[in-house]
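Input: a single structure, listed below in structure tokens.
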Amino acid sequence: MADHNDFGKKAEDTAADYLQKNGCKILARNFRFKHNEIDIIAEKDNLIIIVEVKARSTDFFILPQEAVTKTKIKSIVSAANHYLEEFNKDNEVRFDIISVLPDENRNLKIDHIADAFQALDAN
């Protein structure tokens, strides 16, 4: 596996651990519908949380969350709708982004942006 794939998997593992430590139950990881994918689907307080994990080795050029384009949002929403239908979920849904960057000691740091797509749509 390429180094960037290893880093991406480690970032997703770190994000899932973070969510669990904050009271979320992980329902699915890498859920696929057609060519669309959701990194993490979690639940907390009867709320379904759809999480896009963005990892970068540096934020020199772009912040990880800035890499979530309108096309990517449409893709995630499409997969989320399919998940909700497939598993007969009638819960309220929130779309979050968790960005993962290494700090100066190479430890991964997390920035959790709740309701991220609303924030992205406002820009």
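The values are calculated or read from the model by the stated rules, or taken from the named source; none is laboratory data. All values reported here derive from a predicted model rather than from experimental measurement. Here the Cβ positions follow ideal geometry from the backbone for every residue, glycine too, while neighbour counts run over all protein chains shown. All accessible areas refer to the heavy atoms of the entire protein, side chains included, with ligands and DNA or RNA removed. Shrake-Rupley method; radii C 1.70, N 1.55, O 1.52, S 1.80 Å.
How far apart, in nm, are the 7 Å Cα→Cβ label points at S78 and L47?
It is 2.7 nm.
So, for segment 1-56, what is the accessible surface per residue at a probe of 1.4 Å, expressed in square angstrom? Walk me through the numbers before you get to the answer.
Values: 3160 Å² over 56 residues.
Ligands and nucleic acids excluded, the result is 56 Å² per residue.
In nanometres, what is the gap between the two model label sites at F87 and I110, each 7 Å from Cα along Cα-to-Cβ?
Modelled inter-label distance: 1.8 nm.
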